[in-house]
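Notes follow the structure.
The values are calculated or read from the model by the stated rules, or taken from the named source; none is laboratory data. Because the structure is a prediction, the values reported are computed rather than measured. Here Cβ is always computed from backbone atoms with ideal geometry, including for glycine, and neighbour counts include all displayed protein chains. The area values use the complete protein model at the heavy-atom level, side chains included, leaving out ligands, DNA and RNA. Shrake-Rupley method; radii C 1.70, N 1.55, O 1.52, S 1.80 Å.
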Amino acid sequence: MRKVLPVFVLVFLLFFPFVTSSVFADFDKTYQTYISQYDEYRISLTNFLTSKNRYLTYKTLTAQTEALTATKVFLEDRDQTLINFMTMILEKNPSESFKKLISDEIVFFSDHKKLVTAVASLEDSVQVSETFTNRFPTTEVLLRQTIANVLLSKVKSFDEQIVDLMARFEEKINFLKSQGKDVSTLERWLLETKNKQLLAHEKLTTAQLMADQFQTNNNPAKISEDFRKVQVLIFEANQYLKESTAYLREIKEELKYGNY
């Protein structure tokens, strides 16, 4: 019976410190629920493998009964772990289209968990498990796309804030220039801000294209590698935007304290 571990890197917790503490508090509860369930899953996986090996070795009725019990617990925990992870992703407020798709997946795996309860033999458990493993690649791609788009939307929101601030500074600089003031340093900092922003936009565009092209028919290693690349691109874009804000702070201080 193939094992599927629904574990993903929650990189969005690292990127965006501007999320309010109340949101983090609510999310932390869901995250802890997921971690607790994942621990239960790991235990049930170990018990499943142990009882399976014991049954294959001894072939006794007792060993068979124990194997069936351990298998059902494992299958239920696997479903619940994935359900908890998807619930956690929903709390990151993905777009409505992704929210609907993930909600549909939660319903599917909740129904699948009910099927596990009705399993009466090891043969039935294999069939029920195959239903999970056949569905999971599609679910995995959906979740990676959702996480990528949550990250992208937050960085794009950060970018929009910078665009607004940059426009206001540019208007102020142009006004000072029209008054005959020397604004060459301010203009240089503004240009550096725009250059950093352009670099960020390139990274975000590439990341979006890659996220949109995750393919279910790719092998898990390829999906993981593509997802890693998207994370790196988003991180780099976020870094460029943070660097652009450093120049905006310089402009703000110069406008406040300079001889204008």
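The residues on offer are Lys92, Lys100, and the sole one that is assigned to a loop (DSSP other than H, G, I, E, B) and under 22 Å from Phe214 (Cα atoms) is Lys92. Taking into account only those residues within the stretch 228-260 that are without any contact (Cβ under 8 Å) to a residue 12 or more places away in the chain and of a type in the set (Lys, Arg), which is farthest from Val141 (Cα to Cα)? Across the stretch 228-260, the extreme among qualifying residues is Lys256. Here is the figure for the stretch 38-74: residues that are assigned to a helix (DSSP H, G or I), open to solvent by less than 70 Å² (accessible area, probe 1.4 Å) and among the polar types (S, T, N, Q) total 5.
Here Ala221 clears all of (1) touching a helix residue (DSSP H, G or I) at 6+ places or on another chain (Cβ under 9 Å); (2) closer than 21 Å to Leu143 by Cβ; (3) not acidic (Asp, Glu) except the condition numbered (1). Here is the figure for the stretch 160-191: residues that are surrounded by fewer than 16 Cβ atoms within 10 Å (Cβ to Cβ) and either aromatic (Phe, Trp, Tyr) or not in a helix (DSSP H, G or I) (or both) total 5.
Conditions tested, residue by residue: (1) within 23 Å of Met88 (Cβ to Cβ); (2) in a helix (DSSP H, G or I); (3) β-branched (Val, Ile, Thr).
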site: Arg144; (1), (2), (3): yes, yes, no
site: Lys154; (1), (2), (3): yes, yes, no
site: Phe158; (1), (2), (3): yes, yes, no
site: Thr193; (1), (2), (3): no, yes, yes
site: Gln231; (1), (2), (3): yes, yes, no
site: Ala237; (1), (2), (3): no, yes, no
site: Ser244; (1), (2), (3): no, yes, no
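I'd like to check something: does the stretch 90-102 contain any residue that is open to solvent by less than 60 Å² (accessible area, probe 1.4 Å) and in contact (Cβ under 8 Å) with a residue 60 or more places away in the chain? For the stretch 90-102, residues open to solvent by less than 60 Å² (accessible area, probe 1.4 Å) and in contact (Cβ under 8 Å) with a residue 60 or more places away in the chain: present.
In the stretch 127-150, the condition of being open to solvent by less than 20 Å² (accessible area, probe 1.4 Å) and of a type in the set (Phe, Trp, Tyr) is met by at least one residue.
Val23 - would you say it is within 28 Å of Ile223 (Cβ to Cβ), out of contact with any strand residue (DSSP E or B) (no Cβ under 6 Å at 6 or more places or on another chain) and modelled with pLDDT under 65? Against the criterion (within 28 Å of Ile223 (Cβ to Cβ), out of contact with any strand residue (DSSP E or B) (no Cβ under 6 Å at 6 or more places or on another chain) and modelled with pLDDT under 65), Val23 does not qualify. Look at Ala211 and say whether it is crowded, with 16+ Cβ neighbours inside 10 Å, in a helix (DSSP H, G or I) and small (Gly, Ala, Ser). Yes.
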